[in-house]
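Laboratory data are not the source of any read-out in this text; all were calculated from the coordinates shown. Computed from a predicted structure; not experimentally measured. Don't worry about glycine lacking a Cβ; one is built from the backbone with ideal geometry, like all the others, and counts go over all protein chains shown.
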Amino acid sequence: MELLKEEKDTITTVLENMQEGLILLDHDKRILSLNQSARHFLHIEQTADVQRKNIVSLTRNADLLLAVDH
């Protein structure tokens, strides 16, 4: 169990420190997770709770929405 927690912490650290934005969506385009770079790109405050919100409600970026549709 401890090894699993260490691996999760490592993955979290890597994702939060990448310069690239990472947005994980479910099949209904609801946000499961996003890193700090994605929050910056979408102009979402760190304290804002966006879990399970539809990405379409958070951005009008045509390129991003087109990529989400594919």
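Observations, loosely collected:
- Note, ³J(HN,Hα) from phi for the range 45-52, Karplus 6.51, -1.76, 1.60, rounded to Hz, x at Gly and Pro: 5, 4, 7, 6, 8, 10, 4, 6
- Annotation for E16 and N61: the two label points, set 7 Å from Cα along the Cα-Cβ direction, are 2.1 nm apart.
- Counting only alpha carbon atoms, the long axis of helix 2-17 and the longest principal axis of the chain meet at about 40°.
- Rg over Rh for the range 1-57 works out to 1.02, using Cα positions for both radii and the Kirkwood form for Rh.
- Förster radius 30 Å - calculated FRET efficiency between H40 and D69, Cβ distance, rounded to 0.05: 0.85
- Multiplying the residue separation of M1 and D49 by 0.36 nm and subtracting their alpha-carbon distance yields 14.5 nm.
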